[in-house]
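Below is one structure, written out as structure tokens; the observations come after it.
What follows is calculated from the coordinates using simple rules that are stated; it is not laboratory data. Computed from a prediction, not measured in an experiment: that's the story for all the values here. Note that each Cβ is placed from the backbone with ideal geometry, even for glycine, and that neighbours are counted across all protein chains shown.
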Amino acid sequence: MARPVIDIRGIHRIFESDAGFAHVLHNITFSVRPGEFVAITGPSGSGKSTLMNILGCLDTPTSGTYLLEGLNVAELVDDELAEVRATRIGFVFQSFNLLPRMSVLDNVMLPLAYTQAPRFQREMMAVHALQAVGLPVDHYDHRTNELSGGQMQRVAIARALVNDPAIILADEPTGNLDSHTGRMVLETFHKLKDTGKTIVLITHDSHVAAEADRIVSIRDGRLYHEDTSGIISTTGGGR
Ligand code: ADP
Ligand code: MG
């Protein structure tokens with residue numbers, strides 16, 4: 001079987017503040033194979049975004065191991081981590097995080113700024129990504145604040161795709177959308193899966209989670225894997 005793209009073992013995340021300790025993630029172990037579409041679902045406050053930040057190398061676990069495409073993330077220096085974030089992972093958020101007064105095309109080109117590739121080349125890459133999410137060509141020069149919510153999220157997905165990352169991490173990508181628009185955005189994830197992307201979709205909505213090939217539930221910072229027979233097991237028994 002192919003090596004997992006994401007392989008986390010025994011991860012804990014403990015936040016420390018003046019108020020004391022918050023033990024948010026408990027002994028989390030799971031892996032995602034290349035091309036899988038996995039949903040992580042659980043109620044608000046269960047630790048989904050904390051886990052996503054670790055998967056996206058935006059945060060570091062307190063203990064445990066994270067292998068990303070075989071790389072031990074804990075051993076990467078800052079420059080290497082920044083490169084992994086910029087080129088291997090595409091992020092999609094609930095709030096789109098677009099720059100409102102910039103054009104669609106310029107928003108999608110943003111992650112390419114560091115490449116120093118000529119503008120026409122960056123534009124070609126952005127157009128390619130926008131085609132993948134099905135945004136009409138006559139919208140490319142619109143400011144993003146002129147778009148509908150569903151269009152904004154598709155632009156955000158195009159921006160996540162522009163570096164051709166292997167992995168797309170989406171944290172509540174349909175959270176700000178009505179159910180019809182949310183469906184259209186989920187269709188986009190299905191299409192991406194068909195092109196070979198690995199997708200981790202985080203959602204509190206069980207209907208949205210049901211779109212994925214596999215569902216992993218998180219409760220109070222502990223992960224519960226559901227196999228196809230509906231048997232639920234946990235890796236989070238310890239501590
Ligand atoms: P979800 O995304 O599932 O709603 P989060 O991962 O955002 O949940 O939060 C899980 C728990 O961790 C919450 O109780 C939250 O208050 C806590 N938490 C998240 N980040 C921090 C932090 N930086 N410091 C302390 N507690 C935090
Ligand atoms: Mg969250």
GNM result for the chain, Cα springs below 10 Å: residue of Leu99, Leu223, Leu55 fluctuating most strongly: Leu99
Largest first, please: the extent of the C-alpha atoms of the stretch 6-235 along each principal axis, to the nearest Å. 49, 41, 37
Can you give me the angle between helix 119-133 and the longest principal axis of the chain, using Cα atoms only, in degrees from 0 to 90, rounded to the nearest 10? 60 degrees
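Using the Cα centre of the chain as the reference point, and only Cβ charges (+1 on K/R, -1 on D/E), how large is the resulting charge dipole? Debye, rounded to the nearest 20.
Rounded to the nearest 20 debye, it is 200 debye.
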For the stretch 6-235, share of DSSP beta bridges that run antiparallel, in % to the nearest 5: 55 percent
Descending principal axes extents, the stretch 43-87, alpha-carbon based, whole Å: 33, 22, 17
Most mobile of Thr62, Thr41, Thr50 in a GNM of the chain (Cα contacts under 10 Å): Thr62
Compactness of the stretch 109-165, expressed as Rg and Dmax over alpha-carbon positions, Å: 11.0, 31
Each residue of the stretch 97-104 in order: what ³J(HN,Hα) in whole Hz does its phi give by Karplus 6.51 cos²θ - 1.76 cosθ + 1.60, θ = phi - 60°, with x for Gly and Pro? 6, 8, 8, x, 9, 9, 5, 3
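Ratio of Rg to Rh for the stretch 138-189, alpha carbon only, Kirkwood?
Using only Cα positions, Rg/Rh for the stretch 138-189 is 0.96.
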The stretch 23-75 versus the stretch 184-207: alpha-carbon centroid distance in Å: 17 Å
If the only charges are +1 at each Lys and Arg Cβ and -1 at each Asp and Glu Cβ, what is the size of the charge dipole of the stretch 63-155 around the Cα centre, to the nearest 20 debye? 300 debye
Rounded to the nearest 500 deg cm²/dmol, what is the calculated helix-only ellipticity per residue at 222 nm for the chain, with -39500 (n - 2.57) per DSSP H run of length n ≥ 4? -9000 deg cm²/dmol
Whole-number percent relative contact order across the chain, with pairs defined as alpha carbons under 8 Å at least 6 apart: 29 percent
Over the stretch 98-239, what per residue volume does the convex hull of the Cα atoms give, in whole Å³? 139 Å³
What number comes out for the charge environment of Ala129, summing +1 per Lys or Arg and -1 per Asp or Glu over other residues with Cβ under 15 Å away? +2
For Arg101, what charge total do you get from the other residues with a beta carbon under 11 Å from its beta carbon, if Lys and Arg give +1 and Asp and Glu give -1? -1
